[in-house]
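The values are calculated or read from the model by the stated rules, or taken from the named source; none is laboratory data. Keep in mind that what you see is a predicted model, and the values were worked out from it rather than measured. All Cβ positions, even for glycine, are placed from backbone atoms using ideal geometry, and neighbour counts span all protein chains on display.
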């Protein structure tokens with residue numbers, strides 16, 4: 001049984017995991033009691049074809065002129081991170097908002113450096129996210145945490161607010177290691193102050209366990225988010241969707257209309273939709289009736305009414321294939337225009353090119369160059385060429401080096417609409433921030449100076 005944890009956090013170039021990069025990743029290994037066992041903190045050089053967002057640099061406090069002074073290239077960084085995380089596996093991988101942010105960046109890091117991307121869901125590993133537990137605790141365990149108010153008078157769930165409000169001192173916010181330490185502190189508060197909630201998260205830490213938990217009883221209770229707002233509701237399973245990866249459930253808060261009044265829109269769209277999707281791979285918070293009513297919240301539902309709704313849904317399922325309706329209304333999948341964003345396409349290629357990837361990592365620079373065209377997938381050929389340019393520039397011929405350098409300059413100075421950060425766009429952002437945040441003018445001028453060095457002559 002896996003009983004150790006890996007908590008990690010990243011500091012990145014911007015918010016786009018496909019076209020940005022991780023500059024810093026810190027991780028702490030703990031035992032089941034969340035006591036520290038080991039830790040590491042590692043930084044990456046800036047990739048030549050990537051410019052950081054001025055806003056991101058303001059948040060994480062990184063000096064753009066020092067980004068090229070980090071100890072590892074991005075390729076070396078990926079290998080180091082992968083090795084350390086595998087050394088600690090199997091484990092429960094966790095962090096603060098990792099499902100919404102860090103996990104996407106981690107996958108892209110491995111993918112674009114020719115490693116299998118799903119390390120935190122393979123090698124015996126599973127995942128939970130502390131942010132949804134913090135969000136749920138406000139409603140289900142109101143006394144477990146102190147929730148400070150933000151400038152709008154609403155309770156803040158930001159780590160930099162939650163941790164100090166609950167007694168975590170000297171939080172080095174937006175430093176990866178500081179944020180990991182703060183996350184473990186908050187996780188401990190939930191573990192001790194909201195034990196049923198903590199157990200529910202752990203019991204759904206992978207897709208298999210989450211499905212088993214949902215199937216334990218005919219009706220269960222779910223805590224989720226609805227257009228950014230927390231909701232808790234009783235539910236029953238309607239069926240499996242997305243090739244069995246997720247569940248479609250009926251929200252038993254609402255009455256089921258007459259068949260003639262039911263539309264696809266009423267079933268699947270809007271804040272009061274009758275059916276909701278449960279992402280089994282993202283540790284959904286599912287509770288049995290006994291567990292739910294053992295928590296100190298104020299929710300109450302009439303059991304007779306719930307049972308009547310269940311009977312109506314069971315009858316409805318017999319005359320209409322609701323999962324088929326759901327599948328039919330999905331937007332058709334569109335292939336990504338750029339290889340960086342194609343991480344979720346052609347999964348078979350990862351297996352087909354697995355041996356070439358292993359050979360590439362073990363090869364010397366000259367052998368790496370010879371292996372580029374051995375990849376069957378054009379995505380991997382492109383990434384391999386980038387790795388060689390960034391790490392072994394000297395083995396390329398003059399013509400090839402010039403070709404790469406010009407391609408990077410053109411990429412960074414695009415004036416058309418592209419998904420990555422260009423120099424003109426970043427400079428425009430910096431000037432806008434100077435107007436909005438004059439207290440950071442010195443920092444932003446330094447950032448602008450850095451960005452201008454990447455403008456075409």
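Quick one: in the range 413-425, of everything that is under 16 Å from residue 13 (Cα atoms) and under 26 Å from the mean Cα position of the chain (by Cα), which residue is surrounded by the fewest Cβ atoms within 10 Å (Cβ to Cβ)? It comes out as 419. Being in contact with a strand residue (DSSP E or B) (Cβ under 8 Å, 6 or more places away or on another chain) and not in a loop (DSSP other than H, G, I, E, B) is not true of residue 189. Taking (1) touching a helix residue (DSSP H, G or I) at 6+ places or on another chain (Cβ under 7 Å); (2) more than 22 Å from residue 116 (Cα to Cα) in turn, residue 47 satisfies each apart from (2). In this structure, residue 370 does not satisfy being in a helix (DSSP H, G or I), modelled with pLDDT under 95 and either out of contact with any helix residue (DSSP H, G or I) (no Cβ under 6 Å at 6 or more places or on another chain) or in the same structural domain as residue 255 (by TED's automatic domain parsing) (or both).
When the residues of the range 255-290 are narrowed to those that are over 28 Å from the mean Cα position of the chain (by Cα), closer than 13 Å to residue 234 by Cα and touching a residue at least 40 places away in the same chain (Cβ under 8 Å), which ends up surrounded by the most Cβ atoms within 10 Å (Cβ to Cβ)? Only one residue fits best here, namely 289.
In contact with a strand residue (DSSP E or B) (Cβ under 6 Å, 6 or more places away or on another chain), in contact (Cβ under 8 Å) with a residue 12 or more places away in the chain and assigned by TED's automatic domain parsing to the domain that holds residue 138: is that true of residue 162 in this structure? Break it down stepwise before answering.
Values: in contact with a strand residue (DSSP E or B) (Cβ under 6 Å, 6 or more places away or on another chain): no; in contact (Cβ under 8 Å) with a residue 12 or more places away in the chain: yes; assigned by TED's automatic domain parsing to the domain that holds residue 138: yes.
Criteria not met by residue 162.
Would you say residue 162 is crowded, with 20+ Cβ neighbours inside 10 Å and within 21 Å of residue 29 (Cα to Cα)? Write out each step before concluding.
Working: crowded, with 20+ Cβ neighbours inside 10 Å: yes; within 21 Å of residue 29 (Cα to Cα): no.
So residue 162 does not fit the description; no.
Check the range 335-355 and report whether any residue there is closer than 30 Å to residue 198 by Cα, within 27 Å of the chain's Cα centre (by Cα) and buried (at least 16 other Cβ atoms within 10 Å of the Cβ). Looking through the range 335-355, none of the residues is closer than 30 Å to residue 198 by Cα, within 27 Å of the chain's Cα centre (by Cα) and buried (at least 16 other Cβ atoms within 10 Å of the Cβ). Going through the range 246-266 one residue at a time, which ones are modelled with pLDDT of 95 or more and touching a helix residue (DSSP H, G or I) at 6+ places or on another chain (Cβ under 7 Å)? Residues satisfying the conditions are 246, 247, 248, 250, 252.
How many residues does the range 374-391 hold that are free of Cβ contacts under 8 Å to residues at least 40 places away in the same chain and either closer than 19 Å to residue 342 by Cβ or not assigned by TED's automatic domain parsing to the domain that holds residue 407 (or both)? Even if it seems obvious, please write down each step before you answer.
As a first pass, look at the range 374-391 and keep what is free of Cβ contacts under 8 Å to residues at least 40 places away in the same chain: 374-378, 381, 385, 388.
The next check asks that each one be either closer than 19 Å to residue 342 by Cβ or not assigned by TED's automatic domain parsing to the domain that holds residue 407 (or both); those that pass are 375-378, 381, 385.
Number of matching residues: 6.
When restricted to residues that are farther than 30 Å from residue 141 by Cβ, in contact with a strand residue (DSSP E or B) (Cβ under 9 Å, 6 or more places away or on another chain) and outside any helix (DSSP H, G or I), the range 296-329 contains 1. A residue that is out of contact with any helix residue (DSSP H, G or I) (no Cβ under 6 Å at 6 or more places or on another chain), under 17 Å from residue 198 (Cβ atoms) and outside the structural domain of residue 364 (by TED's automatic domain parsing) can be found somewhere in the range 143-150. When 170, 123 are screened for being out of contact with any helix residue (DSSP H, G or I) (no Cβ under 7 Å at 6 or more places or on another chain) and either part of a helix (DSSP H, G or I) or surrounded by fewer than 21 Cβ atoms within 10 Å (Cβ to Cβ) (or both), only 170 passes. Taken over the range 41-84, the residue count meeting the criterion of being within 22 Å of residue 178 (Cβ to Cβ), in a loop (DSSP other than H, G, I, E, B) and out of contact with any strand residue (DSSP E or B) (no Cβ under 8 Å at 6 or more places or on another chain) is 3.
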